[in-house]
Number of protein chains: 2
Amino acid sequence: MSEEISNNALAPVGVFDSGVGGLTVAREIMRQLPNEKIVYFGDTARVPYGSKSKDTILRYSRQIVRFLKTKNVKAIVVACNTASALALEEIRDEIDMPIIGVVKPGAKVAVEKTINKRIGVIATEATINSHIYTDYIKNRDNDITVFSKACPLFVPLVEEMWLKDSVTEEVAGRYLENLKEEHIDTLVLGCTHYPLLRNMIGNIMGESVTLVNPAYETAVSLGELLVKNNLSAGNVYSYSGEMYDFYVSDAAEKFKRFANSILPFRIENISQINIEEY
Amino acid sequence: MSEEISNNALAPVGVFDSGVGGLTVAREIMRQLPNEKIVYFGDTARVPYGSKSKDTILRYSRQIVRFLKTKNVKAIVVACNTASALALEEIRDEIDMPIIGVVKPGAKVAVEKTINKRIGVIATEATINSHIYTDYIKNRDNDITVFSKACPLFVPLVEEMWLKDSVTEEVAGRYLENLKEEHIDTLVLGCTHYPLLRNMIGNIMGESVTLVNPAYETAVSLGELLVKNNLSAGNVYSYSGEMYDFYVSDAAEKFKRFANSILPFRIENISQINIEEY
């Protein structure tokens, strides 16, 4: 294997989300691809995306891509299921660098994991209404039946940090009731906030149901994509300065508290920008 | 009393909110001032405001004021507690027309209603952190003690329309527990979504607690303000066309469903605009 690395390979990967949820994806990239620099953007001034329309999400995503380009990123990860569902295909045609979302990797794993060919998907209203998980899954295996459920209260409950709470448990029980009755054996956590409720969701669904967190597979796909495009920082490169830059569109302090509860290290420097100017 | 009406008096009143909540204020204006035309704007593309920073809310509010000016409004009602708390004072200095918010009217009523001089205020995180209700109330009567509580899950629960629901009841019970123990006799519903939970909140707090909905007093204040500025459409004027115009920054359909569950008539025409252009 060649050790040759293009200049561009030293550039950072851009990762964006509507807010803090995408940090669960960034964390997985840091773990699997420790030599990759990351520029993270969280659109905290306009969060949440999950209840908004395709036009709006597409406009927001385009602005963010323009911002990330000013940071000279070499590739972009749409670490938000809603933006992956509603904006990724259009944006892919508009830019000249590799870009991936979290939906396709999540759907791929779910298809690999299911045995009884009954898959559940939980996500935001916008993601569920886009039918994108169902389309991707059935495109890979048309014999699979997909059961979808929007869980709009999960995001505010996670942002409140009511992670092990009787209220959250009752809400989860209600949202998941029908999926349980459908005897699915695989459940996609189709929103980057949901892995923070993983234990509770796992307890409700029972041991026979495999939970799929697209973050892991997204990081795997990113690694493959970078190698394929000769953009991987590889394992010979060692960078001594700051590896990770964080940008938000509102209230860096609040983001920092949340980030420091998710990431395996403390972050101090978060910059606030006006995303509407991009 | 003179029946003379200035030209400007025939212009509409601009009313804005982060989303649908301000419709509870618009409804009260329609009821009390039936001859006033209204241009309503709901910032559904960037809702909610209650968890965002002062800088962001101020920037959003300025854009909305610029938009409302293009509709030739004669006065503006900030029908959002968060924007009233964080942006009203600055904006008042920047524009040349009457503008009122919902906080001052709500605080005024609470001071008038309390007997034991113990007032509770529930609102979004941003409104509570601004201390504006406490400041206004103590400014009127320094002997009053104010007990505040942010209730961040109320807005998503209302938007889910879980208005009479055991989950909402448990959340409300938890948020209101401390206020009950403080033996308040008056509780300000300091967010325009909260009046939709009025019955539940009333049941939890008990009959000895008076609930204050700033919407009513805001409409009273608006009426007085218009008269004082010789801008009232008065009671001689009868307009035959459309009285109410509705604008949103995202997904008019969803707004319409919600609006039609709040307003005493059906609305059909809602226009979507790109608020970032203002």
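With a simple spin-label model that places each label point 7 Å from the Cα along the Cα-to-Cβ direction, the separation between A:His131 and B:Arg66 comes to 4.0 nm.
Available extension along the chain between B:Arg140 and B:His183 is 13.4 nm, counting 0.36 nm per residue and deducting the alpha carbon span. Summing both sides, the accessible surface hidden between B and A at a 1.4 Å probe radius is close to 2700 Å². Quick check on the stretch B:122-214: take the gyration tensor over C-alpha atoms, sort the square-rooted eigenvalues as a ≥ b ≥ c, and tell me if it's rounded (a/c under 1.5), prolate or oblate. Because a/c hits 1.5 or more and a/b exceeds b/c, the stretch B:122-214 counts as prolate. Backbone amide hydrogens, once placed in the peptide plane, bring A:Ile99 within less than 5 Å of A:Ile76, excluding anything fewer than 5 places away on its chain.
May I ask you to list the residues of the stretch B:151-170 whose amide nitrogen lies under 18 Å from a point 7 Å from Cα along the Cα→beta-carbon direction of B:Asn260? Those under the cut-off are B:160-161.
Looking at the stretch B:196-278, the accessible area is 52 square angstrom per residue; that uses a 1.4 Å probe and ignores ligands, DNA and RNA.
In units of the compact-protein estimate 2.2 N^0.38 Å, the stretch A:32-133 shows a Cα radius of gyration of 1.15. Classify the stretch A:146-278 as rounded, prolate or oblate from the Cα gyration tensor: take a ≥ b ≥ c as the square roots of its eigenvalues, call it rounded if a/c is under 1.5, otherwise prolate when a/b beats b/c and oblate if not. Cα axes put the stretch A:146-278 in the oblate bin.
Other protein chain C-beta atoms within 10 Å of residue C-beta, averaged over B:156-162: 4.
A Förster radius of 35 Å combined with the Cβ-Cβ distance from A:Asn229 to B:Glu89 puts the calculated FRET efficiency at roughly 0.10. Take B:Gly206, push a point 7 Å out from Cα through the beta-carbon direction, and compare it with the same point in every other copy: 4.5 nm, smallest first. To the nearest 10, the accessible area of B:Arg62 is 80 Å² with a 1.4 Å probe. Values of log10 I(q)/I(0) for the protein assembly as shown across q = 0.07, 0.10, 0.12 Å⁻¹ run -0.45, -0.87, -1.16, by the Debye formula with one identical scatterer at each alpha carbon and no solvent. Relative contact order of chain B, taken over Cα pairs closer than 8 Å and 6 or more residues apart, is 28 percent. Summing Lys and Arg as +1 and Asp and Glu as -1 over all other residues whose Cβ lies under 10 Å from the Cβ of A:Val111 gives a net charge of +3.
Restricting to Cα pairs below 8 Å that are 6+ residues apart, what does the relative contact order work out to for the stretch B:199-278? Please round to a whole percent. With pairs under 8 Å counted, the relative contact order is 23 percent.
Using a cutoff of 8 angstrom between alpha carbon atoms and counting only pairs six or more residues apart, the relative contact order for the stretch A:1-109 works out to 31 percent. Membrane-span-like helices in chain B (whole DSSP H runs, Cα extent of at least 18 Å along the helix axis, mean Kyte-Doolittle hydropathy of at least 1.0): none found.
For chain A, the 222 nm mean residue ellipticity estimated from helices alone, with every DSSP H stretch of n ≥ 4 adding -39500 (n - 2.57) and the total spread over all residues, rounds to -13000 deg cm²/dmol.
Computed from the C-beta positions of B:Arg31 and A:Lys54 and an R0 of 45 Å, the FRET efficiency is 0.80 to the nearest 0.05.
Heavy-atom surface analysis with a 1.4 Å probe gives chain A a carbon and sulfur content of 45 percent of its accessible area.
Size descriptors for chain A: radius of gyration and Dmax over Cα atoms are 18.2, 54 Å. In straight-distance terms, cross-link reach from A:Lys138 covers every one of the lysines whose alpha-carbon lies under 20 Å from its own, apart from those fewer than eight places away in the same chain; here that gives A:Lys104, A:Lys108, A:Lys113, A:Lys117, A:Lys149.
The values are calculated or read from the model by the stated rules, or taken from the named source; none is laboratory data. None of the values given here were measured: they were computed from a predicted structure. A quick note on method: Cβ atoms are made from the backbone with ideal geometry, for glycine too, and the neighbour counts reach across all protein chains shown. We work out accessible area using only protein heavy atoms, side chains counted, and drop any ligands, DNA or RNA first. Shrake-Rupley method; radii C 1.70, N 1.55, O 1.52, S 1.80 Å.
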